[in-house]
Each structure stands twice: as structure tokens, then as C-alpha cells.
1. Among the trypsin sites (Lys or Arg not before Pro) within segment 1-110, which fall in a DSSP loop and have no more than 14 other Cβ atoms within 10 Å of their own Cβ?
2. For segment 53-184, treating each Cα as an identical point scatterer without solvent, what Debye log10 I(q)/I(0) comes out at q = 0.14, 0.15, 0.17 1/Å?
3. Measure off 7 Å from each Cα along the Cα-to-Cβ vector at Glu31 and Asp162, then give the distance between these two points in nanometres to one decimal.
4. Quick one: what does P(r) look like for segment 9-80 with 5 Å bins over all Cα pairs, in whole %?
5. Label points 7 Å out from Cα along the Cβ direction at Thr108 and Arg73: separation in nm?
6. Which value at 222 nm does the chain reach when only helices count, each DSSP H run of 4 or more adding -39,500 (n - 2.57), with the total divided by all residues and rounded to the nearest 500 deg cm²/dmol?
7. Suppose R0 equals 22 Å. What FRET efficiency, 1/(1 + (r/R0)^6) with r the Cβ-Cβ distance, do Asp42 and Leu86 give to the nearest 0.05?
8. Straight-line reach from Lys17: which lysines fall under 16 Å, measuring Cα to Cα and dropping same-chain residues less than 8 apart?
Amino acid sequence: MTSQRNLVLVGFMGTGKSAVGRILAQRLGREFVDVDTVIETDAARSIPCIFKEEGEDGFRKRERDAVRLVTARSGLVVATGGGVLLDPGNLRDLETSGEIVCLTATPTTVLARVGNDPNRPLLQGGDPLSIIRGLLAKRAPLYASIAWQVPTDGLTADEVADQVLAHFTTHTTAHEQPTPRRIP
Ligand code: S3P
């Protein structure tokens, strides 16, 4: 039996990974797994709470474990947290398990989508736009290392999913190709 490669979404906060991932999973008839949700379920705590009690280092260790668990599986649509590429081991595992697409957005788009969200601990304690710009600048080489990039500015999650799906179905090999279906 051939196992289907995972379809993995990476990208900064507010690029729509979870919303787009959910739509893609529905259309492909696949299971959707959000790495942040795996972390929260395993810790039985929210992400802000993990950051508060264990710091970013504690969160990153949990994220590494969750990526290991998720990438041991196949046939999934996987959404990751915006900092997942900070650990090279995560990139290695994600690349081995599937096709990686990087969703992108400008700092102002990110601000409009998640700037006021209290559930993004890294955006607290300062001017959100400056924080977003700083983090994006630091992480730019990591995101740029992913060959498949999809800009999301001005697009709905459905429209982004259309673009991802068009590329994915033409680039996966015939035996892996799922039958896309539109959910009414
Ligand atoms: C983070 C992004 C968050 C979450 C955590 C850290 C980051 O996920 O994993 O708050 O480092 O960019 P989203 O990208 O889904 O917001």
C-alpha cells in the first residue's frame, strides 16, 4: 500500500494556515491536524498559558515533540505554528513527511488579521506592527527556504485553498493523487 504524503502548511502568524488547512482537508477528504492544537491537547493548557509557565523555550520543546508525532503519520493536511521552522529538525521532518507550502502575507495584512489577538503571546507587550515586522525580518530566510510560496494578501481562505489545491494536484504523482471534492 502506498502512503499519501502529507500536505504541510507553514508561514507566519495570520497567513491563514489553520483556516486554509481545514478547507483543504475537507476538499481532499483528508484528516486535518493543527500542530498548535496537538501541543495544547498534550499539555492540557492553552498556548498563552504554556508561554507564561514554561517560556518560549518550553513551548518550542513541546512543538518539536508534536512535529515528531504528526510527521510519523501520513495522508494528512497539517497546519503548523508560525515559528515551526526555527528548529531545523522540524523542517527536516516536515520535508520528509510531505509537500510543504509556505503561505505569506505583508506585515499590515498580518496586523489586520491577528494584531489584536490575545492568543498570540509573541505579539503582546509592545506595538504589534513593530513586533510583526521584527519577527518577519528575522524569520524571512526560513520562510524563503520553502520553494512553494503562496501570497495570501487580499484573498479569502477559500481562494488561497483553490491555489494550493491547483498546484498540489498537478505536482503529486498519479498514485498519490486524491480526488478533490467541493463541500457545498
Ligand atoms: C508562533 C505562532 C503561533 C503559535 C505560537 C508561536 C510563532 O501559531 O505556534 O504562538 O512563533 O510565530 P500561529 O502561526 O498559528 O499563530
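1. Of the trypsin sites (Lys or Arg not before Pro), the ones in loops of segment 1-110 whose Cβ has at most 14 other Cβ atoms within 10 Å are Arg73.
2. -0.77, -0.89, -1.12
3. For the pair Glu31/Asp162, the computed spacing is 3.1 nm.
4. 3, 17, 24, 24, 19, 8, 3, 1
5. Placing both labels 7 Å beyond Cα along the Cβ direction yields 3.9 nm.
6. Mean residue ellipticity at 222 nm (helix-derived): -16500 deg cm²/dmol.
7. That pair, Asp42 with Leu86, gives E of 0.70.
8. List returned: none.
The values are calculated or read from the model by the stated rules, or taken from the named source; none is laboratory data. Everything numeric in this text was worked out from a predicted model, so none of it was measured. Ideal geometry is used to build each Cβ from the backbone, glycine not excepted, and the neighbour counts take in all protein chains shown. Ligands, DNA and RNA are excluded from the accessible area calculation, which covers all protein heavy atoms including side chains. Shrake-Rupley method; radii C 1.70, N 1.55, O 1.52, S 1.80 Å.
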